[in-house]
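> I'd like to ask you about the structure that follows.
The values are calculated or read from the model by the stated rules, or taken from the named source; none is laboratory data. Please read these numbers as outputs of a predicted model, since none were measured by experiment. With ideal geometry, Cβ positions are generated from the backbone for all residues, glycine too; neighbour counts draw on all protein chains shown. For accessibility, only protein heavy atoms count, side chains too; no ligands or nucleic acids. Shrake-Rupley method; radii C 1.70, N 1.55, O 1.52, S 1.80 Å.
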Amino acid sequence: MNRIDRKLAATLRQPRELVDAGLAPTEALPELEKVAARYAVAVTPELAALIDPADPDDPIARQFIPSAEELVEQPGENADPIGDDAHSPVAGIVHRYPDRVLLKLVHVCAVYCRFCFRREMVGPGKATALSDDAYGAALDYIRAHPEVWEVILTGGDPLVLSSRRLTEIMADLAGIDHVKVIRIHTRVPVADPGRITPEMIAALRPNGATTWVAIHANHPRELTQTARAACAKLADAGIPLVSQSVLLRGVNDDAATLEALMRGFVECRIKPYYLHHGDLAPGTAHLRTTIEAGQKLMRALRGRVSGLCQPDYVLDIPGGHGKAPIGPDYLSQSPSRDGQGSAERQYRIVDYCGDVHLYPPES
């Protein structure tokens, strides 16, 4: 495979840099500059090195290299597709579910995904982080709500913060008596694994709360040896790891790729957690699949891999109504054998081969 041989020295942030690195054609530059004027661009050296510039459909490039298709919006797309704003009582906090809140510390990422549901909140002209006053108000909100058992650090990517700042934040949250779990959503172990240092790991282990880390990757090639080593450092430190992925057309919308990805997670001691259906973010239609395609893939995955490798296929309902599992149905009610009593009720169950069985079985 004719991938980029040289190790890029820095993150690529401008369309001209992508062209010079051979990751985008020269003739696309004017359109890519229009995309970059609206949506943030960043491709780390680790991810750039995975791209095969000779493959016009390279699955890593589809995730991170901007496309003119991002300037085409479809009906139903929304700048806030999962309704964060409707559940944001103070800046930086999203309180959608009773026992947990999101704390959006930063609006900066190590790498910018072209399908990101928060793409309108990061990038050119946007704030990069909560102000000190907003951060204090967010902590006050958490303190005032004893039902909050879990705080999820998101953004942006919280692991772009310094180890020193993360130490302070984790201590602040762990110092709130009713906060027992701090979950961190990140792409850093994959996009910039060198940031997972002993100092970073120490910052993620505060006294008084349990830390979980959700690792975002969408294609098995992202689980490089350096990414696996970074994840191993977290796991070896006793930090539980789960995965989150997005189902993306041309990236992972086939059973073999999903199988390799989920097995890769489990090999890395990362429990597959969520496979997200693509959100209705502006300019992302070219990367979304249909729900029916996703359900078919989940049915195929059920028959191919261990239960350890099964994520929940979920849809974040537009408008802020939360996540719902949308995987295929395996159970349906069958008419009772005598047509009357519930005692005779049976169910139809579909096994992983597609065969139908009755439960309880016919006597």
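> Condition check: farther than 21 Å from A281 by Cα and either in contact with a helix residue (DSSP H, G or I) (Cβ under 9 Å, 6 or more places away or on another chain) or modelled with pLDDT of 95 or more (or both). Does A144 satisfy that?
Values: farther than 21 Å from A281 by Cα: yes; either in contact with a helix residue (DSSP H, G or I) (Cβ under 9 Å, 6 or more places away or on another chain) or modelled with pLDDT of 95 or more (or both): yes.
Yes.
> A further question on this structure: If we keep just the residues of the range 40-64 that are over 20 Å from the mean Cα position of the chain (by Cα) and acidic (D, E), which is nearest to A21 (Cα to Cα)?
The extreme case among them is D52.
> Still on this model: Return a yes/no flag: does the range 162-180 have any residue that is acidic (D, E) and part of a helix (DSSP H, G or I). Break it down into steps so the answer makes sense when it comes.
Filtering the range 162-180 for residues acidic (D, E) gives 168, 172, 177.
Still in the list and also part of a helix (DSSP H, G or I): 168, 172.
Looking through the range 162-180, at least one residue is acidic (D, E) and part of a helix (DSSP H, G or I).
> Turning to a different aspect of this structure: Given the options E199, E222, name the one that is in contact with a Leu (Cβ under 8 Å, 6 or more places away or on another chain) and of a type in the set (D, E, K, R). Lay out the reasoning, then the answer.
On the way: E199 fails: in contact with a Leu (Cβ under 8 Å, 6 or more places away or on another chain).
Being in contact with a Leu (Cβ under 8 Å, 6 or more places away or on another chain) and of a type in the set (D, E, K, R) holds for just one of E199, E222, which is E222.
Rundown of residues vs (1) open to solvent by 50 Å² or more (accessible area, probe 1.4 Å); (2) within 24 Å of the chain's Cα centre (by Cα); (3) of a type in the set (A, V, I, L, M), yes/no style:
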position: C116; (1), (2), (3): no, yes, no
position: S131; (1), (2), (3): yes, no, no
position: A144; (1), (2), (3): yes, no, yes
position: L153; (1), (2), (3): no, yes, yes
position: P158; (1), (2), (3): no, yes, no
position: I169; (1), (2), (3): no, yes, yes
position: L173; (1), (2), (3): no, yes, yes
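> Next question. Among the residues of the range 232-257, count how many are in a helix (DSSP H, G or I) and either open to solvent by 40 Å² or more (accessible area, probe 1.4 Å) or at pLDDT below 95 (or both). If you could, list the steps in order and put the result at the bottom.
We begin by selecting, within the range 232-257, every residue in a helix (DSSP H, G or I); these are 232-236, 255-257.
Now narrow it down to the ones that are either open to solvent by 40 Å² or more (accessible area, probe 1.4 Å) or at pLDDT below 95 (or both): 233, 236, 256.
The qualifying residues number 3.
> Just to be sure before I move on: is A260 of a type in the set (G, A, S), crowded, with 22+ Cβ neighbours inside 10 Å and assigned to a helix (DSSP H, G or I) in the structure I sent?
no
> Go through the range 74-84 and give me each residue that's open to solvent by 20 Å² or more (accessible area, probe 1.4 Å) and at positive phi.
As a first pass, look at the range 74-84 and keep what is open to solvent by 20 Å² or more (accessible area, probe 1.4 Å): 74-80.
Within the range 74-84, G76 is the sole residue that qualifies.
> From the set of residues in the range 301-315 that are open to solvent by less than 40 Å² (accessible area, probe 1.4 Å) and either of a type in the set (D, E, K, R) or under 19 Å from D351 (Cβ atoms) (or both), which is nearest to the chain's Cα centre (by Cα)?
Filtering first and then ranking leaves Y313.
> Any residue at all in the range 103-113 that is open to solvent by 60 Å² or more (accessible area, probe 1.4 Å) and in contact (Cβ under 8 Å) with a residue 12 or more places away in the chain? Let's see the steps before the verdict.
Taking the range 103-113 and keeping what is open to solvent by 60 Å² or more (accessible area, probe 1.4 Å), we get none.
Checking the range 103-113: not a single residue is open to solvent by 60 Å² or more (accessible area, probe 1.4 Å) and in contact (Cβ under 8 Å) with a residue 12 or more places away in the chain.
> Consider the range 37-73. How many of its residues are in a helix (DSSP H, G or I), in contact with a helix residue (DSSP H, G or I) (Cβ under 9 Å, 6 or more places away or on another chain), open to solvent by 20 Å² or more (accessible area, probe 1.4 Å) and hydrophobic (A, V, I, L, M, F, W, C)? Steps first, please.
Kept after step one, since they are in a helix (DSSP H, G or I), are these residues of the range 37-73: 37-38, 45-48, 59-64, 68-71.
Still in the running and in contact with a helix residue (DSSP H, G or I) (Cβ under 9 Å, 6 or more places away or on another chain): 38, 46-48, 59-60, 62-64, 68-71.
Okay, now just the ones that are also open to solvent by 20 Å² or more (accessible area, probe 1.4 Å), so 38, 46, 62, 68-69, 71.
Subsequent filtering for residues that are hydrophobic (A, V, I, L, M, F, W, C) retains 68, 71.
Residues meeting the conditions: 2.
> Next up: Quick check on the range 268-282: of everything there that is without any contact (Cβ under 8 Å) to a residue 40 or more places away in the chain and surrounded by fewer than 22 Cβ atoms within 10 Å (Cβ to Cβ), which residue is farthest from V305 (Cα to Cα)?
We begin by selecting, within the range 268-282, every residue without any contact (Cβ under 8 Å) to a residue 40 or more places away in the chain; these are 269, 271-272, 275.
From what is left, the residues that are surrounded by fewer than 22 Cβ atoms within 10 Å (Cβ to Cβ) are 269, 271.
Working: R269: 16, K271: 13 Å.
Top of the filtered list is R269.
> Among the numbered criteria (1) of a type in the set (A, V, I, L, M); (2) closer than 24 Å to R183 by Cα; (3) part of a helix (DSSP H, G or I), which one does A110 miss?
(3)
> Please go through the range 316-329 and pick out each residue that is open to solvent by less than 60 Å² (accessible area, probe 1.4 Å), within 18 Å of L297 (Cβ to Cβ) and part of a loop (DSSP other than H, G, I, E, B).
I326, G327, P328 - these are the residues of the range 316-329 that are open to solvent by less than 60 Å² (accessible area, probe 1.4 Å), within 18 Å of L297 (Cβ to Cβ) and part of a loop (DSSP other than H, G, I, E, B).
> Please work out if L331 is touching a Lys or Arg at 6+ places or on another chain (Cβ under 8 Å), modelled with pLDDT under 95, farther than 16 Å from H219 by Cβ and hydrophobic (A, V, I, L, M, F, W, C). Lay out the reasoning, then the answer.
Details: touching a Lys or Arg at 6+ places or on another chain (Cβ under 8 Å): yes; modelled with pLDDT under 95: yes; farther than 16 Å from H219 by Cβ: yes; hydrophobic (A, V, I, L, M, F, W, C): yes.
The answer is yes for L331.
> Pairs only if they're at least six apart or on different chains, beta carbon under 6 angstrom, first in the range 1-28 and surrounded by 12 or more Cβ atoms within 10 Å (Cβ to Cβ) and modelled with pLDDT under 95, second acidic (D, E) and not in a loop (DSSP other than H, G, I, E, B); list them, first residue then second.
The qualifying pairs do not exist here.
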